[in-house]
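These notes concern the structure reproduced below.
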Amino acid sequence: MEKNPLTLIGTQLVRSDASEKVLGAAKYVDDLHFSDTVYLAIRTAEVASGALRSIDISKARGSHGVLAVLTHADIPGENQMGSPVPDYPILLKPGDEIRYVGDYVAFVVAHTREQALRAAEKVTVMVAEKKPVLSLNERIRELQKGGDYVPAVHQKIRKGDSDPKTMFDSCDYVFEGDFFADYQEHAYLETQGMIALYDQDNVMTIYGSMQCPYYVQNGVARALGFPINRIRIIQSVTGGAFGGKEEVPTYFAIPAALAAYHLHRPVKLVLSREEDIQWTSKRHPIKSRYKVGIADYGRLRSIQVEAHADIGGHSTLSPTVLWRSSVHAAGAYEIPNVRVDVYGHYTNKVPSGAYRGFGSPQVFIGIEGIIDDVADHLKKDRLYLRKINALEKGKTTPTGHLLPESVGAKKTLEEVERLSDWERLKERVAQFNREHKHLKRGVGIAHIHYGVALGAMGHALDASGAFVNVLPDGSISVHIGGTEMGQGAKTVIGAIVGEVLQQPMEKIHVYQTDTFFLPDSGPTVASRTTVFSGNAAVLACQELLKTLTALYSTEMAVPPQSVRYTGGVFSNTEGQKPVGFGELAGIALKKNIGLCATGWFQTPRLTWDPENGFGEAYVTYSFASQIVVVEVDCLTAEVVVKEVYTAHDVGKALNPDGVIGQIHGGFVQGMGYALYENLKVNEKGKIVSDNFNTLTIPTIHETPEIFKVSIVEEPFSKGPFGAKGIGEPSLIPTPAAIANAVSDAIGKRVREIPIRKEYLLDLIRTAP
Amino acid sequence: MELHLFVNGKEVTTSVPENRRALDFLRKDLGLKSVKEGCGEGECGACTILLDGKAVCSCLLFASDLAGRRVLTLESLGKEGHLHPIQQAFAETGAVQCGFCTPGMILSVKSLLDENPSPDDEAIKKALEGNLCRCTGYVKIIEAVKRAVAIIKSQGLMI
Ligand code: FES
Ligand code: FES
């Protein structure tokens with residue numbers, strides 16, 4: 001069949017869920033209501049470390065309105081929610097070790113949430129408290145002492161000469177530096193929430209705010225001891241996630257499901273903001289040490305990175321997050337000799353987990369800071385130095401992945417150079433600084449790559465399905481295994497289906513994700529949904545076109561090879577005997593022909609050597625470059641981002657407005673991380689900045705006034721219409737670019753994010 | 001206690017417990033689910049309503065504070081296929097991602113434009129400073145307000 005010009009892909013699309021959202025009619029989990037619903041509250045350990053001695057629930061049980069108080073003894077299945085490492089019991093039993101303040105002791109169910117909360121306070125817990133480990137440094141020292149302490153995670157990369165004794169021998173210059181990136185809270189505007197219903201067909205049905213319904217399905221099945229076919233998860237409209245609703249929603253679905261199982265009534269659990277911040281994962285704090293060797297007037301020759309991450313009380317996704325840190329630690333450059341070690345350490349704090357960028361923003365501040373040091377020392381332009389080291393088609397990444405295609409790295413650098421009018425920008429800033437004494441401006445650059453999808457380590461989960469059903473009136477319903485969480489998945493999938501089937505968006509309805517319709521399609525993470533759900537949708541639509549073509553051919557007596565399909569109309573090669581898509585769908589019904597198809601997309605296996613940490617890490621990479629201008633008030637350490645120029649290689653922008661929206665949002669979130677979002681943990685392991693009065697996230701005032709975006713399109717041959725991912729690369733360069741800009745403004749290297757005021761003032765005041 | 005007020009143009013007479021939050025009264029008792037809870041502390045603006053035309057956080061008020069007053073929630077603005085110009089502008093500019101902040105944002109914009117039909121950037125930011133959005137970075141929200149102004153002007157509408 002001939003190729004038609006694109007009518008939806010790459011055009012300006014209105015989000016398919018915009019109308020319900022601007023009307024306030026979209027149903028988030030707390031907006032759903034089932035009669036007879038009862039409410040749940042969680043009683044947590046409240047101490048960070050120790051052994052649980054005893055639990056007394058008698059007072060709670062007698063509390064007003066209480067229907068049940070559930071403890072470890074009430075779990076019909078496995079008392080475990082840790083995956084892959086089984087270190088996370090659902091409910092502690094006497095004798096168990098408490099690993100952080102949020103470990104669960106009891107679930108209280110009552111007629112109202114207030115009653116449940118009041119009763120939860122009446123659960124009496126005896127604990128033999130231990131001094132908690134709250135500092136990452138304490139663990140690093142333990143490791144350095146060389147005793148029998150073994151970190152929970154160790155990921156490594158080895159390429160070329162990776163022997164620290166020799167790998168720098170052939171370098172002309174060696175640069176070193178330490179960096180630290182602290183926690184970041186997701187602060188999605190909708191807190192976590194679940195409703196569990198145990199009713200029809202003896203199936204446990206769960207509605208909730210989440211990214212990964214299949215994780216929830218597996219986790220709940222394990223806790224209830226049910227076969228997976230009796231667990232159905234339906235994602236409700238989700239009010240932001242950013243990684244925070246990847247592994248974590250399972251920890252709230254399980255309590256709700258357990259209560260529904262025992263009470264046979266709908267159970268609702270929606271967290272308060274304080275509970276959400278206290279109990280849910282954060283971006284990993286990572287300390288890193290960089291050593292970089294340079295040869296040939298600025299070429300990166302050798303790099304050694306040692307990084308340590310605080311994984312908190314349970315390991316959850318840390319092995320995977322830190323694998324991604326290790327793959328990205330050496331930056332988006334061609335470097336022959338690489339040695340990276342990333343360690344994950346248990347502490348008695350909230351488990352760290354998935355957060356947009358997945359362990360990479362924390363290491364990019366290191367490599368990008370050092371690159372500036374190199375440029376300055378060699379008196380070379382910072383953008384130029386990145387250009388000469390950038391990846392290109394035919395070059396290999398720091399893990400030794402030979403890149404065959406879709407490498408827009410250099411183009412993104414050229415684009416930010418053009419967008420910012422680089423030479424003039426530097427001059428403008430220098431001029432400003434000559435004219436101002438206490439206000440100083442600085443320019444910062446960052447250049448990054450990002451491995452799309454789950455990569456070699458997550459290969460087992462890296463497949464996705466789509467189910468497309470054409471109804472007799474020609475309308476089309478679509479189910480995908482990926483989820484819409486605000487990023488625009490429904491719109492982009494709708495556009496893909498519309499493009500392949502040549503139908504307008506209005507005819508296509510993409511449903512909320514429901515595990516009932518498709519096999520386990522993996523998680524909606526790692527910027528993989530456009531590629532994975534998108535490709536699956538393409539496959540399903542192609543299948544449908546085959547069926548429709550055959551039907552048309554029989555009905556109209558046109559040989560199959562002479563069937564033409566353009567503008568949504570089937571005809572013969574001369575354009576005669578036209579039958580529209582909708583009409584043909586109606587005929588199909590009468591002829592007993594089913595018009596539904598499932599598409600299933602998997603990635604080719606990657607060649608990866610886990611022993612040595614070498615090989616093809618990810619199926620493809622997105623690239624980005626960013627330049628920011630900041631203004632620092634050297635008296636108050638106030639920092640304002642004035643200008644942003646950012647270029648992103650996304651393969652192909654299927655929904656350009658959506659891509660730009662991701663870039664704006666990712667930037668401001670990254671800016672919050674770099675400048676404002678201080679998460680404070682007290683000496684008891686409790687988070688004290690547990691609401692927006694103490695945890696400051698960017699408001700509309702912080703949005704930079706000049707914000708220029710350029711989209712670079714280096715198509716990825718295995719992506720739908722050439723697309724790669726953008727969800728995370730939108731945020732990743734920002735912390736590094738801002739740290740570099742502030743460094744530029746004050747003439748000293750910023751080594752920490754968030755850049756706290758006290759830290760910055762100290763830095764400004766100390767002699768260079 | 002007895003409560004008498006006007007909600008979205010309709011007269012409501014009901015009884016509520018003394019300490020019922022206005023947010024819970026509107027969401028749970030009256031079923032107005034467009035009013036969202038993001039923080040419960042007056043910090044995020046998700047629970048914004050218009051009280052006698054002014055944008056306020058319903059999580060900080062008691063139901064009794066609404067007595068005798070006119071409450072407007074997003075339910076009163078536009079319908080499927082007939083969006084209010086501010087809603088239309090938000091939809092068309094891509095000022096909506098997850099949508100959780102959207103009801104509060106739109107009501108704050110309405111309160112702004114009712115007072116000041118041609119706000120400059122500073123006025124827009126001032127009016128929306130209490131509405132947090134974690135998704136959009138606010139760029140398209142500012143654009144949407146400008147577009148709403150343009151739509152309203154082009155249609156010669158009063159809102
Ligand atoms: S819920 Fe009222 S301001 Fe956040
Ligand atoms: S669109 Fe998600 S918080 Fe604003």
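The values are calculated or read from the model by the stated rules, or taken from the named source; none is laboratory data. Please read all numbers here as calculations on a predicted model, not as lab measurements. When we count neighbours, we look across all protein chains shown, and the Cβ atoms used for this are built from the backbone with ideal geometry, even at glycine. To get the accessible areas, we keep the full protein, side chains included, count just its heavy atoms, and leave off ligands, DNA and RNA. Shrake-Rupley method; radii C 1.70, N 1.55, O 1.52, S 1.80 Å.
Of all residues in the range B:105-126, those that are farther than 20 Å from B:ILE152 by Cα and either in contact with a Lys or Arg (Cβ under 7 Å, 6 or more places away or on another chain) or modelled with pLDDT under 95 (or both) total 0. Restricting A:VAL127, A:VAL123, A:VAL105, A:VAL109 to residues that are open to solvent by 30 Å² or more (accessible area, probe 1.4 Å), more than 16 Å from ligand 1 (Cβ to nearest atom), more than 14 Å from every other protein chain (Cβ to nearest Cβ) and in contact (Cβ under 8 Å) with a residue 60 or more places away in the chain narrows the list to A:VAL127. Mind checking whether some residue in the range A:90-100 is in contact (Cβ under 8 Å) with a residue 24 or more places away in the chain and on the phi > 0 side of the Ramachandran plot? Within the range A:90-100, one or more residues are in contact (Cβ under 8 Å) with a residue 24 or more places away in the chain and on the phi > 0 side of the Ramachandran plot.
All of A:VAL85, A:VAL14 fail the test of being out of contact with any Lys or Arg (no Cβ under 9 Å at 6 or more places or on another chain), in a loop (DSSP other than H, G, I, E, B) and within 14 Å of another protein chain (Cβ to nearest Cβ), apart from A:VAL14. Only residues that are open to solvent by less than 50 Å² (accessible area, probe 1.4 Å) and part of a loop (DSSP other than H, G, I, E, B) were counted in the range A:675-713, giving 15. Within the range A:179-191, being away from ligand 2 (no atom under 15 Å from the Cβ) and assigned to a loop (DSSP other than H, G, I, E, B) holds for A:ASP182, A:TYR183, A:GLN184.
Exactly one residue among A:LYS426, A:LYS380, A:LYS387 is touching a residue at least 24 places away in the same chain (Cβ under 8 Å), surrounded by fewer than 19 Cβ atoms within 10 Å (Cβ to Cβ), part of a helix (DSSP H, G or I) and not hydrophobic (A, V, I, L, M, F, W, C), and that residue is A:LYS387. In the range B:102-110, the count of residues that are more than 25 Å from A:THR238 (Cβ to Cβ), not polar (S, T, N, Q) and not assigned by TED's automatic domain parsing to the domain that holds B:ASP24 is one or more. Scanning the range A:660-706 for residues that are aliphatic (A, V, I, L, M) and facing chain B (nearest Cβ under 10 Å) gives A:ILE660, A:ILE663, A:VAL668, A:MET671, A:LEU695, A:ILE697, A:ILE700. Within the range B:3-18, residues that are within 20 Å of B:LEU74 (Cβ to Cβ) have Cβ atoms under 8 Å from residues that are among the small types (Gly, Ala, Ser) in these pairs: B:LEU5/B:ALA67; B:LEU5/B:GLY68; B:ASN8/B:SER76; B:GLY9/B:SER76, counting only partners at least 6 apart in sequence or on another chain.
Any residue in the range A:220-239 that is part of a helix (DSSP H, G or I), touching a Ser or Thr at 6+ places or on another chain (Cβ under 8 Å) and open to solvent by less than 10 Å² (accessible area, probe 1.4 Å)? Scanning the range A:220-239, I find at least one residue that is part of a helix (DSSP H, G or I), touching a Ser or Thr at 6+ places or on another chain (Cβ under 8 Å) and open to solvent by less than 10 Å² (accessible area, probe 1.4 Å), so the answer is yes. The residue that is nearest to the chain's Cα centre (by Cα), among those in the range A:496-511 that are part of a loop (DSSP other than H, G, I, E, B) and surrounded by fewer than 22 Cβ atoms within 10 Å (Cβ to Cβ), is A:TYR511. Scanning the range B:49-101 for residues that are within 16 Å of ligand 1 (Cβ to nearest atom), within 11 Å of another protein chain (Cβ to nearest Cβ) and over 15 Å from B:PHE25 (Cβ atoms) turns up B:LEU74, B:CYS98, B:GLY99, B:PHE100, B:CYS101. Scan the range B:13-31 and give yes if some residue there is closer than 26 Å to A:ALA187 by Cα, within 16 Å of ligand 2 (Cβ to nearest atom) and at the interface with another protein chain (Cβ under 10 Å from one of its Cβ atoms), otherwise no. Checked the range B:13-31: no residue is closer than 26 Å to A:ALA187 by Cα, within 16 Å of ligand 2 (Cβ to nearest atom) and at the interface with another protein chain (Cβ under 10 Å from one of its Cβ atoms).
Taking (1) open to solvent by 10 Å² or more (accessible area, probe 1.4 Å); (2) more than 16 Å from ligand 1 (Cβ to nearest atom); (3) assigned to a helix (DSSP H, G or I); (4) within 11 Å of chain A (Cβ to nearest Cβ) in turn, B:ALA127 satisfies each apart from (2).
Does B:THR102 fit the bill of being of a type in the set (S, T, N, Q), under 27 Å from B:ARG21 (Cβ atoms) and surrounded by 15 or more Cβ atoms within 10 Å (Cβ to Cβ)? Break it down stepwise before answering.
Details: of a type in the set (S, T, N, Q): yes; under 27 Å from B:ARG21 (Cβ atoms): yes; surrounded by 15 or more Cβ atoms within 10 Å (Cβ to Cβ): yes.
Spelling it out, B:THR102 is indeed of a type in the set (S, T, N, Q), under 27 Å from B:ARG21 (Cβ atoms) and surrounded by 15 or more Cβ atoms within 10 Å (Cβ to Cβ).
The condition (being in contact with a Ser or Thr (Cβ under 7 Å, 6 or more places away or on another chain) and at pLDDT 95 or above) is satisfied by just one residue among B:ALA91, B:ALA46: B:ALA91. Only residues that are on the phi > 0 side of the Ramachandran plot and touching a strand residue (DSSP E or B) at 6+ places or on another chain (Cβ under 7 Å) were counted in the range A:198-207, giving 0. Residues in the range A:240-255 that are away from ligand 2 (no atom under 16 Å from the Cβ) and either hydroxyl-bearing (Ser, Thr, Tyr) or within 14 Å of chain B (Cβ to nearest Cβ) (or both) were compared, and the one that is surrounded by the fewest Cβ atoms within 10 Å (Cβ to Cβ) is A:TYR251. Taking the stated definitions as given, is B:ASP29 charged (D, E, K, R), within 16 Å of ligand 1 (Cβ to nearest atom), modelled with pLDDT of 95 or more and over 9 Å from the mean Cα position of the chain (by Cα)? So B:ASP29 fails the test. Give the residue that is nearest to the chain's Cα centre (by Cα), with candidates limited to residues of the range A:316-347 that are in a loop (DSSP other than H, G, I, E, B) and crowded, with 24+ Cβ neighbours inside 10 Å. This residue is A:LEU317.
Listed by position, the strands (runs of 3 or more DSSP E) contained in the range A:541-628 that have at least 1 residues being in contact (Cβ under 8 Å) with a residue 40 or more places away in the chain and within 24 Å of A:GLN503 (Cβ to Cβ) are A:564-566, A:596-602.
Scanning the range A:296-315 for residues that are open to solvent by less than 20 Å² (accessible area, probe 1.4 Å), assigned to a strand (DSSP E or B) and not acidic (Asp, Glu) yields a total of 9.
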